[in-house]
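Enquirer: Quick one: structure below, then a few questions.
What follows is calculated from the coordinates using simple rules that are stated; it is not laboratory data. Predicted model only: the values in this text are computed from it and were never measured. Note that each Cβ is placed from the backbone with ideal geometry, even for glycine, and that neighbours are counted across all protein chains shown.
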Amino acid sequence: MSEPSKRAQELLVESLAAWRVAGKVERAADGALVISSRKEIRIERVRDELFRWTVTVEGRRRPAISLAAVLRQVRDALDPAYAPNRVRIAIAPLVPSE
């Protein structure tokens, strides 16, 4: 198992715990991560890509361009009532000048 996949598995395990969602994160024979919870979710790294993933929920495959996108899709699938918080990142001074 590659280091990014190990870290992703650990992140998913800890995320389920933080979200208070019962479930297990296991590695499939082909190397994909499988979350068994209310729904079965399959997470695969795109071949030869470090940051791109594919998330499959109930047969529907969707791309994810980062682990943050993977987490967002997993959270949406497991807790549809969750209202996500949007974050904006902008270049600006930390303290406005007077």
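Enquirer: Are there any chymotrypsin sites (Phe, Trp or Tyr not before Pro) in region 1-89 that are in a DSSP loop and have at most 16 other Cβ atoms within 10 Å? List them by number. Could the numbers behind the result be given before it?
Expert: On the way: sites: 19, 51, 53, 82; in loops: 19, 51, 82.
Those that pass, being in a loop and sparsely packed, are 19, 51, 82.
Enquirer: Tilt of helix 67-78 relative to the longest C-alpha principal axis of the chain, in degrees (0 to 90, nearest 10)?
Expert: Tilt relative to the chain: about 60 degrees.
Enquirer: Along the Cα→Cβ direction, 7 angstrom out, place labels at residue 36 and residue 58. What is the inter-label distance in nm?
Expert: According to this spin-label approximation, the distance is 2.0 nm.
Enquirer: Find, among the trypsin sites (Lys or Arg not before Pro) in region 1-34, those assigned to loop by DSSP (not H, G, I, E, B) with at most 10 other beta-carbon atoms within 10 angstrom. Don't skip to the answer; put the middle values down first.
Expert: Details: sites: 6, 7, 20, 24, 27; in loops: 20.
When the trypsin sites (Lys or Arg not before Pro) of region 1-34 are filtered for loop state and at most 10 Cβ neighbours within 10 Å, 20 remain.
Enquirer: Would you calculate a helix-derived [θ] at 222 nm for the chain, using -39,500 (n - 2.57) for each DSSP H run of n ≥ 4 and dividing by the full residue count, to the nearest 500? Numbers along the way, then the final one.
Expert: Numbers: 2 runs with 28 residues, N = 98.
Only helices count here, giving -9000 deg cm²/dmol.
Enquirer: If you don't mind, there's one more thing I want to ask. Can you tell me the 0 to 90 degree angle between the C-alpha axis of helix 3-18 and the longest principal axis of the chain, rounded to 10?
Expert: That helix lies at roughly 80 degrees to the long axis.
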